[in-house]
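Heads up, the thing below is written out as structure tokens.
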Number of protein chains: 2
Amino acid sequence: MDQHQPEHSTAADPRLDKLAEVAVRVGLGGLHPGQELVMTASIEALPLVRRITAEAYKAGASQVTTFFSDDESTLARYRHAPDSAFDHAPAWMFEALAAAFRGGAARLAIVGEDPNLLAEQDPDKVSRSNRARSKAYRPALELITASAINWTLVPFASAAWARAVFPELPSSAAVAKLWDALYSSARIDRPDPQAAWAEHNATLLARRAMLTERRFRSLRFTGPGTGLTVGLADGHAWMGGISKARNGITGNPNIPTEEVFTTPHALMTEGTVAATKPLAHGGTLIRDIRVRFEKGSIVEAHASSGEAVLQKLIGTDEGARRLGEVALVPHSSPISQSGLLFFNTLFDENAASHIALGQAYKKCFTDAESMSDAEFAERGGNSSLIHVDWMIGAAAVDVDGIAFDGSVTPVMRQGEWV
Amino acid sequence: MDQHQPEHSTAADPRLDKLAEVAVRVGLGGLHPGQELVMTASIEALPLVRRITAEAYKAGASQVTTFFSDDESTLARYRHAPDSAFDHAPAWMFEALAAAFRGGAARLAIVGEDPNLLAEQDPDKVSRSNRARSKAYRPALELITASAINWTLVPFASAAWARAVFPELPSSAAVAKLWDALYSSARIDRPDPQAAWAEHNATLLARRAMLTERRFRSLRFTGPGTGLTVGLADGHAWMGGISKARNGITGNPNIPTEEVFTTPHALMTEGTVAATKPLAHGGTLIRDIRVRFEKGSIVEAHASSGEAVLQKLIGTDEGARRLGEVALVPHSSPISQSGLLFFNTLFDENAASHIALGQAYKKCFTDAESMSDAEFAERGGNSSLIHVDWMIGAAAVDVDGIAFDGSVTPVMRQGEWV
């Protein structure tokens, strides 16, 4: 018996090269000649940053600028900074991002945060800090939600994330196993990942075209603890998979993605809903969310843990109590079938149908190109500093589409497309 | 004989904690309550970044933002980016720095670059890229040279830097030896580093007060290959050691520092000068610089290697051919006595008297507070996109001060203060 058990090496894995290629060619959909790229990543993701940087230059980038975050430095602020610091955000930094996007820069975020990073910190400080950052980030975020430029999110299996997903495994094994799950769900393990993405995108395109054509007035979710009617915005369009940015580039804003989604009407959601997965938000895990809506707004909210963070979250502003997104994902999606809870929205939102509190996407309208901000609001588009997804789909949840004449069309049964 | 040779561990060295304390308390001179700090560092310097971040929060910072650079990513641009990329700089990024400083943020740069990083790259691309960055950086740099905010430079012994300084040693030993030199020259190895800095600053203050009082019209440098008269700006003041920023904080902009320096008159330098050390600039080593000045401007420039980079450098703009700084350092300074060539201005400029091409410091005037930009130019203050120091002092170089009446006062003999 060979006792030799080589350590998993993220940097030496040839799949990492393929992920970088998919990130730039599929996720960003390529780059315009001379276009800049702005990347955010943790320092741990350096091996992927370097590969994406090289791919972006090969694709014609004039400059790749990466903003690295460091968990230890983030924690040092909570440990040592004066209390008033947590109402403060570096506005100049977020304005710079907005300036970069206005100047045409593409955007790539490498995600893989420690879901428990801030779990032991004062929830009040966490909430105030998130609020200050959300406010400062708003101008840049609006350019992203309005698809002014091509952007994408891609994953990196950090040690802390792997530990949260596989708490029973030693660190190196957990990282290797998380990478397997990430590569599989991002279709990197296919013989030709880019061809696999083309095929997947075609399927999602057909699904969203069908839903947009139906022009439902609302969707009704029925399941254990859930009886929720989500009104849809007037003239809403379903999106998913590829998206064409206003700069003319078509890419996949999420790697991986399984969802089709649209814009709810901010005033027209009614009933109760129970989350089907915990929500990892700002370093806190919020479990067993139960919420009641009246006229589109949350009037009651509970959670078995993290309820204080939930209350702070929906108290951010008026729009934080209302829906900005509704998305459908079949229970048979590969991420759902993995059976894993990733504690990360990019993955967990692709394991189940979900709704999002906060800012709505302006692109989810049939006439999005010509629509003014005032029309967006009139049609039911929600505005907020936040945009937070949480899962409400499961094998036990049915979805019906309700037309303007009141007729009911089954959309999903037992978590699967009808 | 014990064969056990423990590897040098930068992160575990208690001197690193002391360096971080000196960086924040002496270098920055502390922080205003709630002041932001903007740091730049290579990813390799992470252990020092973390300590300085913690120290800054303890000193009252509301937010520490660190911009990390990565040599591999920099090289990827030279390897893969289209040619036109090298005329481009991320202006939004440099504008953000200027906005941060205007908003009151302090600035700390951790230096320790690989002096040979770009040695094998196309000098034309290197020069164009440096030029584009210098131009974009100008608004932020002007706030620094005008001491609008407190700022400082501190060193970190990167492996590549250590390899350049000690090419004959294995990497780990080279890093350990470079750290010894850095800690020693930054007075970190003293029993009480902060007290040692207070004493050192008092000595430098006395020296600069004496020189300012003399009101020399010019300085004359005489040595092998050098017969240079450097005219001094009207109303110049000598600076060195501590510096009071316009935000009221007094710190040490360079850790370490041994020099006293002032502003030359841009039109009044005459004669020839031979550099006494190689100049590391933009990843290229320029050796044996020989230059002739007429009416303040370089009319002839040679180097035994790197001459193309030198010519590009002085061709940056009109001010790049003229002097923006003259500085005196005794040959007995600890850095000079180490006998090392550091290939890094922060150290090598403190081993020898030197001059700098390009932008002059507006603070080096007796009435700097009330002086307009127009007056600055009239008095002889030089303007340029660049500010590049190079060493002209040595044990064999004498310096005389020449008064307005033509009388000559010996200032340095054989490299030492008279």
Scoring only Lys, Arg, Asp and Glu (+1, +1, -1, -1) among other residues with Cβ under 15 Å from the Cβ of A:Asp398 yields 0
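I'd like the interface area for chains B and A: accessible area of each alone minus the complex, both sides summed, 1.4 Å probe, protein heavy atoms only. What is it in Å² to the nearest 100?
Chains B and A together bury roughly 3000 Å² of accessible area.
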Filtering chain A for DSSP H helices with an axial alpha carbon extent of at least 27 Å and a Kyte-Doolittle mean of at least -1.0 returns A:123-145, A:193-214
Cα-based Rg and Dmax for the range A:80-123, in Å, come out at 15.0, 39
Cα-only Rg/Rh for the range B:195-278 with Kirkwood Rh rounds to 1.03
Expected max-MSF residue from B:Leu285, B:Leu97, B:Leu169 in the GNM of chain B (alpha carbon, under 10 Å) is B:Leu169
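Within the set of other residues whose C-beta is less than 14 Å from the C-beta of A:His331, count the net charge using Lys and Arg as +1 and Asp and Glu as -1. The partial results should precede the final answer.
On the way: positive: A:Lys277, A:Arg413; negative: A:Glu258, A:Glu259, A:Asp348, A:Glu349, A:Asp398, A:Glu416.
Taking every other residue near A:His331 into account, the sum is -4.
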The pairs in A:Lys58/B:Lys125; B:Lys277/B:Lys312; A:Lys177/A:Lys244 lying past 22 Å Cα-Cα in this model are A:Lys177/A:Lys244
Ordering A:Val49, A:Val299 by the accessible surface of their heavy atoms, 1.4 Å probe, largest first, yields A:Val299, A:Val49
For the axis mapping A onto B, the chain A residue whose beta carbon sits nearest, plus its rounded distance in angstrom, comes out as A:Ala96, 2
Both in Å, the radius of gyration and Dmax of the C-alpha trace of the protein assembly as shown are 30.5, 104
Here the relative contact order (percent) of chain B, from C-alpha pairs under 8 Å and at least 6 apart, is 15 percent
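Could you tell me the ratio Rg/Rh of the range B:111-265? Both radii from Cα atoms, Rh via Kirkwood.
Working: Rg = 19.1 Å, Rh = 18.8 Å.
Radius of gyration relative to Kirkwood radius: 1.01.
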Candidates A:Glu36, A:Glu318, A:Glu120; GNM for chain A (alpha-carbon contacts under 10 Å) flags as most fluctuating A:Glu120
Mean-square fluctuation maximum in Gaussian network of chain A, Cα pairs under 10 Å, restricted to A:Gly227, A:Gly251, A:Gly324, hits A:Gly227
Taking Lys and Arg as +1 and Asp and Glu as -1, residues besides A:Pro82 with C-beta under 12 Å from its C-beta add up to +2
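Quick check: convex hull over the Cα atoms of the range B:8-185, volume per residue in Å³, rounded to an integer? Write out the running numbers ahead of the final one.
Numbers: hull volume 21.0 nm³, N = 178.
Taking only Cα atoms, the range B:8-185 has a hull volume of 118 Å³ per residue.
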Excluding ligands, DNA and RNA, the carbon-plus-sulfur percentage of the accessible area of the range B:8-185 with a 1.4 Å probe reads 52 percent
Computed over the range B:85-189, the distribution of all Cα-Cα distances in 10 Å bins, rounded to whole %, is 14, 29, 31, 24, 2
Here the gain from full extension of A:Leu205 to A:His302, 0.36 nm per residue of separation minus their alpha-carbon distance, amounts to 31.3 nm
Longest chain A segment clear of trypsin sites (Lys or Arg not before Pro) sitting in DSSP loops (not H, G, I, E or B) with at most 14 other Cβ atoms within 10 Å runs A:1-245
Taking the square root of 5λ for each eigenvalue of the C-alpha gyration tensor of the range B:307-355, the equivalent ellipsoid has semi-axes, largest first and in whole angstrom, of 26, 13, 6
The rounded separation in angstrom of the Cα centers of the range B:17-93 and the range B:152-216 is 20 Å
Expressed in angstrom and ordered largest first, the alpha-carbon extents of chain B along the principal axes are 64, 55, 50
With all protein chains present and a 1.4 Å probe, the order of B:Phe68, A:Phe404 from largest accessible area down is A:Phe404, B:Phe68
With no solvent term and unit scatterers on the alpha-carbon positions of the range B:273-383, Debye gives log₁₀ I(q)/I(0) at q = 0.21 Å⁻¹ of -1.20
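If the chain between A:Ser84 and A:Glu294 were fully stretched, how many nm would it gain, using 0.36 nm times the residue separation less the Cα-Cα distance?
So the extension gain works out to 72.0 nm.
The values are calculated or read from the model by the stated rules, or taken from the named source; none is laboratory data. Everything numeric here is computed off the predicted structure, so don't read it as measured data. Note: ideal-geometry Cβ built from the backbone for every residue, glycine included; neighbour counts use all protein chains shown. Remember, those area values only see protein heavy atoms, side chains included, never the ligands or the DNA or RNA. Shrake-Rupley method; radii C 1.70, N 1.55, O 1.52, S 1.80 Å.
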